[in-house]
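Below is one structure; the comments refer to it alone.
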Amino acid sequence: PAPALPTPAAIPGVIAAGQQWKVVWAWEGNNADGPIAGTDGKILFANQDASNVMELDPATGLAKVIHDNTNTGGALARSKNGALFVASRGLPAGILQLEPQHKTLANTFNGEPLECIGGVINDLTADANGGVYFSVTGARNSGVFYASPKGVVSQYGKDVPLPNGIIPTPDEKTLYATNGAIVYAFDVNADGSLTNQREFGKLQGGEGGDGSAVDQQGRLYVATGKSVDVFAADGKLLGTIPGPQGLHGTFFGGKDRKTLYGIVFYGTWGTPSARNAIIAIPTVAQGFTGRAK
């Protein structure tokens, strides 16, 4: 059965009392990962099982394929300049650019194929310079990585074995990365390199951090597995928006960016019982409008 959709309490400036999650799309399989806002209130997401990218209109519930052959693409990011990227999780692994033209941005690290890092490319986010930050989880060399606009991949961070959700602040001067129940922050240099790793906050609502979002005021929203934890720009925890068990990603969408979306996985991974859903709830806060996520 689908998990229950709890009713959150109010968080001043973020969400009003009485708002309720609703399902806007649901399907079978290990799909709907790494979603971002599209145009005219639509949603883009990586359909991992089918190796494509779909565009969903929440107003009608209809979805269509807009990009194919992503080699088990599992997360999307669009830069301020409009370039669309996907994390290709199959073999050979890589960071692919889908728009404005289809090409491989990066597929090697230290002279070896990217998959030699091991683990899974979990999440990614694109900067305004044409580079992409991404997290790799599940391997000895797990961590936070940056693919420069020329495709050169570098690793950053210390003791970050469980990185997942990754997103910059609206001004792109700080990068957030989850690591289990801890959220780290890094300073972003002009060349895209990262320095000054520090603990930004601790998650309260679930097991560990996953997909994340920011709003116009610079607040950070982190999916925790069964909620979305909300932090002020200074790291203060403002509150928790409870959601269904399996809530593993979040982003702002809608024509006015005042809808918070979540992706939910339930059932058993890799079996016929696997299910995914996209859920939505209205917010007082407005998501950052300068990027798709």
Top-ranked residue of the range 100-120 - restricted to ones that are out of contact with any Gly (no Cβ under 7 Å at 6 or more places or on another chain) and in a strand (DSSP E or B), ranked as least open to solvent (accessible area, probe 1.4 Å): PHE109
Filter result for the condition that a residue is modelled with pLDDT under 95 and under 26 Å from LEU5 (Cβ atoms), over GLY201, GLY211: GLY211
Expected single match for exposed (fewer than 13 other Cβ atoms within 10 Å of the Cβ), at positive phi and at pLDDT below 95 among GLY29, GLY61 is GLY61
Scan the range 270-279 and give yes if some residue there is farther than 15 Å from TRP25 by Cα and touching a Ser or Thr at 6+ places or on another chain (Cβ under 7 Å), otherwise no. no
Report those strands (runs of 3 or more DSSP E) wholly inside the range 205-274 carrying at least 1 residues which are of a type in the set (Val, Ile, Thr), open to solvent by 10 Å² or more (accessible area, probe 1.4 Å) and closer than 23 Å to LEU44 by Cβ. 259-266
When you scan the range 121-165, how many residues do you find that are touching a residue at least 24 places away in the same chain (Cβ under 8 Å), aliphatic (A, V, I, L, M) and not in a strand (DSSP E or B)? 4
Please enumerate the residues belonging to the range 61-112 that are more than 20 Å from the chain's Cα centre (by Cα) and within 19 Å of VAL144 (Cβ to Cβ). ASN107, THR108, PHE109, ASN110, GLU112
Going through the range 69-92 in order, the residues found to be open to solvent by 50 Å² or more (accessible area, probe 1.4 Å) and in a strand (DSSP E or B) are ARG78
Given the options PHE231, PHE251, name the one that is aromatic (Phe, Trp, Tyr) and free of Cβ contacts under 8 Å to residues at least 60 places away in the same chain. PHE231
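The values are calculated or read from the model by the stated rules, or taken from the named source; none is laboratory data. All values reported here derive from a predicted model rather than from experimental measurement. Neighbour counts run over all protein chains shown; Cβ positions are idealised from the backbone, glycine included. Note: areas computed on protein heavy atoms with side chains; ligands, DNA, RNA excluded. Shrake-Rupley method; radii C 1.70, N 1.55, O 1.52, S 1.80 Å.
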